[in-house]
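Worksheet for the structure shown next.
The values are calculated or read from the model by the stated rules, or taken from the named source; none is laboratory data. Note that the structure is predicted; figures quoted are calculated from it, not measured. So basically every Cβ, Gly included, is an ideal-geometry build from the backbone, and we count neighbours across all protein chains shown. Note: accessible area is taken over every heavy atom of the protein model, side chains too, but ligands, DNA and RNA are not part of it. Shrake-Rupley method; radii C 1.70, N 1.55, O 1.52, S 1.80 Å.
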Amino acid sequence: MAKQSGLGDNLFLGGYDLSGDAGAVNRIHMGTALLDVTGLNKSAQERINGLRDGEISFSAFFNDAALQEHIALKGLLKTDRYCIYCRGTTLGNPAAALLGKQINYDFARGADLSLLTTTQVLGTGGYGLEWGQQATAGKRTDTGATNGTSIDSPSAAATAFGLAAYLQVFAFTGTDVTVKIQESSDNAVGDPFADVTGGGFTQITTAPGEQRIETGLTLAVERYLRVVTTT
């Protein structure tokens with residue numbers, strides 16, 4: 001990949017698509033707390049890493065239509081929410097995901113009559129902000145059981161440290177659907193896709209919704225992954 005603009009980006013929060021209302025992503029922060037452990041025999045600061053942290057903050061235009069910005073943010077829920085920033089909507093593109101709490105919903109009414117909001121989502125739960133790949137090309141609509149197109153590992157090789165995955169469900173019609181991740185060593189040329197151990201999300205029966213899953217941290221994961229839905 002090469003230098004890019006931010007054209008065509010998406011922003012999701014709690015099963016709501018805020019891409020059309022958000023005018024700017026103000027901050028995507030990934031870091032750790034630094035612990036001061038400077039000894040008496042040191043002549044400069046000595047630090048070690050502490051807890052991981054993260055933040056996604058954004059500005060949006062007021063929109064009280066169904067499933068839009070105001071409906072998604074006005075409740076200022078005290079529960080954890082999942083926020084995902086997608087760099088474009090091409091399969092395999094980078095995405096930043098965060099399990100966090102929405103801590104504000106602030107308004108500014110400009111002299112030009114503009115009505116803008118700002119919102120911060122701060123990390124919680126110990127994961128911090130996580131960068132990964134988009135396993136779907138932005139939002140995906142399935143009308144039945146579907147085998148998605150696969151993505152290749154950034155290292156073009158298998159890994160041995162498991163995986164974490166995020167799911168946003170924007171709309172649902174029907175009885176139930178299960179979303180899971182499958183793997184193959186050669187994109188099913190000779191090795192058929194099979195379920196990743198621990199790579200299945202909880203069955204979905206309603207929307208909007210959101211989930212995060214995490215496999216074992218030492219799990220071997222094959223090079224190619226795809227998202228499949230079953231009913």
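Across every direction, the projection of the convex hull enclosing the Cα atoms of segment 82-201 has a mean area of 10.7 nm². Sequence-distant contacts, meaning Cα pairs under 8 Å at least 6 residues apart, place the relative contact order of segment 105-231 at 33 percent. Taking only protein heavy atoms and a 1.4 Å probe, the accessible area of the chain is 54% carbon and sulfur. Per residue, the chain exposes an accessible area of 55 Å² to a 1.4 Å probe, with every protein chain left in place. Evaluated with a Cβ-only charge set (Lys, Arg +1; Asp, Glu -1), the chain carries a dipole of roughly 360 debye about its Cα centre, given to the nearest 20.
Over 18 Å, how big is the tail of the calculated P(r) for segment 20-64, in percent of all Cα pairs? The answer is 55 percent, as a whole percent. Computed across segment 38-91, the Kirkwood radius stands at 16.1 Å (inverse of mean 1/r, all Cα pairs). In the Gaussian network model of the chain, springs joining C-alpha atoms below 10 Å, which of Gly123, Gly144, Gly110 carries the largest mean-square fluctuation? Comparing Gly123, Gly144, Gly110 in the GNM, the peak value goes to Gly110.
Return the Rg/Rh ratio of segment 155-206 with Cα-based radii and a Kirkwood Rh. Walk me through the numbers on the way to the answer.
Details: Rg = 13.9 Å, Rh = 13.2 Å.
Rg/Rh: 1.05.
The separation of segment 47-90 from segment 167-212, counted between C-alpha centres, amounts to 23 Å.
Remark: relative contact order (the chain) = 19 percent; criterion is Cα-Cα distance under 8 angstrom and separation of 6 or more residues.
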